[in-house]
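Encoded as structure tokens, the structure appears first; notes follow it.
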Amino acid sequence: MALKFSNLSQLYAHPFDTIIDVRSPAEFAEDHLPGAINLPVLDNEERARVGTIYVQQSPFLARKLGAALVFRNAATHIETQLSHHEGGWRPLVYCWRGGQRSGSFTWMLQQIGWRAEVIEGGYRSYRRLVKQYLYDDPLPFKLVALDGYTGTAKTELLAQLQTRGVQVLDLEALANHRGSLLGEQPGGQPSQKAFESALASAMCALDPARPVLVEAESSKIGSLIVPPAVWQSLCQAPRILVTADIEARTDYLVAAYDDILSDAERLQDRLSPLRFHRGHDVVDAWMAQIAEGNKKALTRALMEQHYDPAYEKSRKNHQFDVIARVHATSLTTDGLDQVASEIEGIVAQL
């Protein structure tokens, strides 16, 4: 019988050695259970071919072709990727809806002697659990927002605080984006579903009895939407405000964003649309600084003329509970270590 999981925590606590996603590579790339490996029993082309025959010719012909392909591909996986497993290996298998693809593969593994099981409802049941956790159920955590102007090293502080044992939820890392107009990261962002999978997995690993420090974000990180329940909790969270002089912020950002500041074409492309918001004269000045390669002047101008005004406007539109203010005299390694120590002490009192 297929295994049914009633919530994400139960699914994540499964006792199996390996989770196997037998869907096509394209389905797997969009989203999958955390930690799953992809052993497709139909590749992208085969899946499309079987589907076309099912619709245009007959379900019987499609199932006959599909069965041949599934068992042929399953045999290849057993001879290659799975050949090293001993008799006591316990895999948990799923496909799109817990149907023929996962059922056939699981049956074959069981015939060998492996203790394989299949997830009832497949990926669709898992996706429903993710949606329920992030969109429907109340979040069981006390979030504390780390706030401050652009360039106050909030992301780096989160990383330092995590190494100190503070519970941290790093939304930007999960979204693979630095959360600003120039925040693109190598590799691009995951799909919305994959972001939500990673977010749900990270949150399920947290202790509800302890506060969770998270960087104050907008409702979108790059192209990805922060689930409303998480966003609303973040808006209502008490805040620790990090401040620093603009000179220190400028120096920090020039170093942290050197990859972007060194790419003149990319900078021009990202900043040109701001003419509507900031005016032609302002953006023309930015373009001149890009052409000159004056990274420091451009960075300071972007903060003073774009990022800081946007931050101040956002604060005027929302009332936040600032429970502590921590000023960074510098944003060097030593300076950040001192700030992290202060924040650690504040969080410990909550």
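Considering the chain as a Gaussian network with a 10 Å cut-off on Cα pairs, which listed residue, Q167, Q185, Q268, attains the greatest mean-square fluctuation?
Taking springs between Cα atoms under 10 Å, the residue moving most is Q268.
Report, in degrees rounded to the nearest 10, the 0 to 90 angle that the Cα long axis of helix 192-204 makes with the longest principal axis of the chain.
Once rounded, one gets 80 degrees.
For the chain, what is the accessible area per residue in Å², given a 1.4 Å probe and the full set of protein chains? Walk me through the intermediate numbers first.
On the way: 17410 Å² over 350 residues.
Solvent-accessible surface per residue comes out at 50 Å².
Starting from the Cα-Cα distance between Q232 and D259, subtract it from 0.36 nm times their residue separation and give me the gain in nm to one decimal.
On the way: separation 27, 0.36 × 27 = 9.72 nm, distance 3.30 nm.
Extra length from Q232 to D259 when fully extended: 6.4 nm.
Which angle between 0 and 90 degrees, to the nearest 10, do you get for helix 308-317 versus the longest principal axis of the chain when only C-alpha atoms count?
Between helix and principal axis, roughly 80 degrees.
Using helices alone, I'd like the mean residue ellipticity at 222 nm for the chain: each DSSP H run of four-plus residues gives -39500 (n - 2.57), total over residue count, nearest 500.
On the way: 18 runs with 179 residues, N = 350.
It comes out at -15000 deg cm²/dmol, rounded to the nearest 500.
Please give the residues of the range 82-107, grouped as numeric ranges, whose backbone N is less than 17 Å from a label point set 7 Å along the Cα-to-Cβ vector of R127.
From the range 82-107, the list is 94-102.
Report, in listed order, any pair from K64/K131; K4/K193; K154/K193; K154/K295; K131/K316 with a Cα-Cα distance greater than 30 Å. If you can, show how the numbers build up before the last one.
Details: K64/K131 35 Å; K4/K193 21 Å; K154/K193 26 Å; K154/K295 21 Å; K131/K316 32 Å.
Violating the 30 Å limit, Cα to Cα: K64/K131; K131/K316.
Between A209 and Q56, take the C-beta separation as r, use R0 = 56 Å, and let me know the FRET efficiency to the nearest 0.05.
Details: r = 57 Å, r/R0 = 1.01.
Once rounded, the FRET efficiency stands at 0.50.
Roughly to the nearest percent, how much of the accessible area of the range 268-350 is carbon and sulfur, given a 1.4 Å probe? Please list the in-between numbers first.
Details: 2390 of 5070 Å².
Whole-percent figure for carbon plus sulfur exposure: 47.
Quick one: among L109, L253, L82, which has the greatest mean-square fluctuation in a GNM of the chain with alpha-carbon springs under 10 angstrom?
It is L82.
Can you give me the % of accessible surface on the range 125-202 that is carbon or sulfur? Probe 1.4 Å, all protein chains present, nothing else counted.
53 percent
With springs only between Cα atoms under 10 Å apart, run a GNM on the chain and tell me which of A62, A29, A216 wobbles the most.
Highest fluctuation of the listed residues: A62.
Under 16 Å from the 7 Å Cα→Cβ point of A159, by amide nitrogen: which residues of the range 260-284?
Within reach of a label on A159: 260.
For the range 226-237, take each phi angle, set θ = phi - 60°, evaluate the Karplus expression 6.51 cos²θ - 1.76 cosθ + 1.60, and give the result in whole Hz per residue in order, putting x for glycine and proline.
Rounded to whole hertz, the list is 6, x, x, 4, 5, 4, 5, 5, 5, 5, 8, 6.
Where does helix 333-348 land angle-wise versus the long Cα axis of the chain, in degrees 0 to 90, nearest 10?
With rounding to tens, the tilt is 70 degrees.
The values are calculated or read from the model by the stated rules, or taken from the named source; none is laboratory data. Here the structure is a predicted model, which means the values were calculated and not measured. Cβ atoms come from the backbone with ideal geometry, glycine included; neighbour counts cover every protein chain shown. The accessibility values were calculated without ligands, DNA or RNA, using every heavy atom of the protein model including side chains. Shrake-Rupley method; radii C 1.70, N 1.55, O 1.52, S 1.80 Å.
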